[in-house]
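**Q** First, the structure itself, so that you have it in front of you.
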Amino acid sequence: MNQRSSYRTRSFWLEDVPGELEPRPSLPGPTAVDVAIVGAGFTGLWTAYYLARADPRLRIAVIEKEIAGFGGSGRNGGWCSASHTGISHDYILKKDGRDAARAVQQAMFATVDEVGDIVAREGIDCDYLKAGELWFAANNGQLGRVREQVDRMRRLGIGDEDSMWLDAGQVRARVRVSRCLGAWYTPRSASIQPARLARGLADVVERLGVAIFERTPALALERGAVTTPMGRVAADVVVQATEAFTAGFEGRQRDIAPIYTFVVATDRLPQAFWDEVGWQGRETFMDGRRAIFYAMRSREDRIVMGGLHYPYHYGSRLDERFEYSAPAFGALHQMLLRTFPALRGVALTHRWGGPVGCPRDFFSSVGLDRPSGIAWAGGYVGDGVATSNLAGRTLRDLILRRDTELVRLAWVGHRSPRWEPEPVRWLEAQLIGGTMAFSDAQEDRSGKPSRVGAVADFFGI
């Protein structure tokens with residue numbers, strides 16, 4: 001048995017979905033619709049859902065190369081977070097002012113509740129739990145970055161009921177991690193079983209009359225049509241909801257950089273472990289390192305942890321082989337043991353990876369180019385579970401020409417600059433990733449802020 005096949009590389013979340021993951025029928029041939037959506041992940045499915053609810057007369061088709069939830073929507077860390085890193089408060093503050101930045105943050109808070117309301121209303125069993133999130137400082141090097149999050153929220157006028165500093169003792173009362181100097185906490189975030197949400201949402205939109213064509217790759221998106229091997233889908237509006245996989249289209253390699261991230265899951269843990277570490281509230285948490293890791297406690301008492309290594313492959317290449325990384329899985333295992341020494345000897349039952357989409361300015365966007373009829377949303381920088389819902393509601397309003405608060409948010413219509421041509425793009429990615437890793441290692445050793453981290457700050461990381 002070779003090393004790759006000796007353990008499960010498939011996402012635990014997809015394996016945990018009830019029933020078989022049999023593909024839906026492919027596109028039977030050329031067709032015409034009002035709205036064609038390319039990508040059956042969260043962005044595409046939420047857009048289809050809100051459009052179908054708003055106007056049941058619309059003819060909507062979702063076109064998916066694999067199956068619904070195949071990409072990041074079925075492989076992420078299970079966070080439905082209101083503190084999205086891809087919509088920079090600091091950028092909006094400088095460009096559009098405090099009110100604009102506050103409006104985006106309030107929209108993200110409301111989005112977490114919206115997801116909870118919809119899954120309850122539609123009967124989607126995805127373990128939604130609004131328990132909040134912790135961002136803790138494991139050493140003095142991280143402390144300033146974590147405290148800055150508290151200050152950032154204060155500058156936006158976000159009160160203590162939504163954003164607060166917890167000292168080390170208050171953190172230990174929630175979860176006893178091995179190293180903690182304090183943490184930023186918000187109660188306005190949730191955890192979910194993401195593949196169950198994606199698959200359940202796909203079932204709901206089908207019941208609403210939306211056609212989902214799986215195993216139907218989109219070859220090109222253009223004004224008025226999507227080209228597939230099975231035929232042309234004519235549409236008044238084409239929605240590009242392909243996130244990291246956008247780089248797979250001809251000539252789109254510089255539009256978004258697919259950065260691979262990795263996740264592991266433990267075996268189910270006994271009650272004795274939880275008695276020792278607490279974590280009864282099931283908050284999500286991460287620490288203040290630059291190459292972050294993130295963790296959550298699942299419904300069946302596993303720990304799911306992701307992050308740390310973010311490799312980019314020359315030419316914005318996408319390949320299933322890149323979803324396996326022994327060094328990344330090993331680093332995540334070591335971080336688990338460092339965070340919870342009581343896990344020594346506990347097996348990792350699942351390891352998996354996948355690409356996330358990173359725009360050149362690390363700033364997410366949503367929009368509709370009315371002359372071409374092409375809409376888009378994405379560039380979530382790996383944090384799109386909640387943001388994709390906000391994108392779906394925003395695309396609904398843009399497509400239906402609604403003048404709402406959502407379409408006036410600062411991320412709407414944003415156009416990120418393109419990444420540089422190769423080999424500059426690859427060199428930049430190596431510099432960013434190497435700087436983050438070196439800075440974190442230096443802070444782990446010394447406990448002091450790393451001066452090298454200024455390079456990452458320059459790139460907006």
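The values are calculated or read from the model by the stated rules, or taken from the named source; none is laboratory data. The structure presented is a predicted model; accordingly, all values stated were derived computationally and were not measured. Because the Cβ atoms are built from the backbone with ideal geometry, glycine has one as well, and the counts that use them run over all protein chains shown.
**Q** Of all the strands (runs of 3 or more DSSP E) wholly in region 187-243, which have at least 2 residues that are at pLDDT 95 or above, surrounded by fewer than 22 Cβ atoms within 10 Å (Cβ to Cβ) and among the charged types (D, E, K, R)?
**A** Result: 231-240.
**Q** Among the residues in region 384-397, are any surrounded by 18 or more Cβ atoms within 10 Å (Cβ to Cβ) and either aromatic (Phe, Trp, Tyr) or part of a loop (DSSP other than H, G, I, E, B) (or both)?
**A** Checking region 384-397: at least one residue is surrounded by 18 or more Cβ atoms within 10 Å (Cβ to Cβ) and either aromatic (Phe, Trp, Tyr) or part of a loop (DSSP other than H, G, I, E, B) (or both).
**Q** Among what's in region 318-347 and is of a type outside the set (A, V, I, L, M) and free of Cβ contacts under 8 Å to residues at least 24 places away in the same chain, pick the residue that is nearest to GLY434 (Cα to Cα).
**A** Within region 318-347, the match that is nearest to GLY434 (Cα to Cα) is PRO327.
**Q** Can you pull out the residues in region 270-302 that are hydrophobic (A, V, I, L, M, F, W, C) and not in a loop (DSSP other than H, G, I, E, B)?
**A** Hits for region 270-302 are ALA272, PHE273, TRP274, VAL277, PHE285, MET286, PHE293, ALA295, MET296.
**Q** Could you tell me which numbered condition LEU406 fails, if it satisfies all but one of (1) over 21 Å from the mean Cα position of the chain (by Cα); (2) surrounded by fewer than 23 Cβ atoms within 10 Å (Cβ to Cβ); (3) more than 26 Å from SER316 (Cβ to Cβ)?
**A** In the conditions (1) over 21 Å from the mean Cα position of the chain (by Cα); (2) surrounded by fewer than 23 Cβ atoms within 10 Å (Cβ to Cβ); (3) more than 26 Å from SER316 (Cβ to Cβ), LEU406 misses (1) alone.
**Q** What is the number of the single condition among (1) over 30 Å from LEU337 (Cβ atoms); (2) touching a Ser or Thr at 6+ places or on another chain (Cβ under 8 Å) that ILE212 does not meet?
**A** Going through the list (1) over 30 Å from LEU337 (Cβ atoms); (2) touching a Ser or Thr at 6+ places or on another chain (Cβ under 8 Å), ILE212 breaks only (2).
**Q** Is at least one residue of region 59-72 small (Gly, Ala, Ser) and surrounded by fewer than 21 Cβ atoms within 10 Å (Cβ to Cβ)?
**A** No.
**Q** Based on what the data block shows, is VAL424 under 25 Å from TYR310 (Cα atoms), more than 21 Å from the chain's Cα centre (by Cα), modelled with pLDDT of 95 or more and among the β-branched types (Val, Ile, Thr)?
**A** yes
**Q** Go through region 303-353 and give me each residue that's among the aliphatic types (A, V, I, L, M), out of contact with any helix residue (DSSP H, G or I) (no Cβ under 8 Å at 6 or more places or on another chain) and part of a helix (DSSP H, G or I).
**A** Selection gives ALA326, ALA328, ALA331, LEU332, MET335.
**Q** Could you say which residue among THR339, THR349 is of a type in the set (S, T, N, Q) and surrounded by fewer than 19 Cβ atoms within 10 Å (Cβ to Cβ)?
**A** Answer to the check: THR349.
**Q** Using beta carbons and a limit of 7 Å, which pairs, at least six apart or on different chains, have the first residue in region 115-138 and among the small types (Gly, Ala, Ser) and the second one part of a helix (DSSP H, G or I)?
**A** As it stands, the answer is ALA137/LEU143; ALA137/VAL146, since those pairs meet every condition given.
**Q** If you don't mind, another one. In region 152-170, which residues are of a type in the set (Val, Ile, Thr) and over 26 Å from the mean Cα position of the chain (by Cα)?
**A** none
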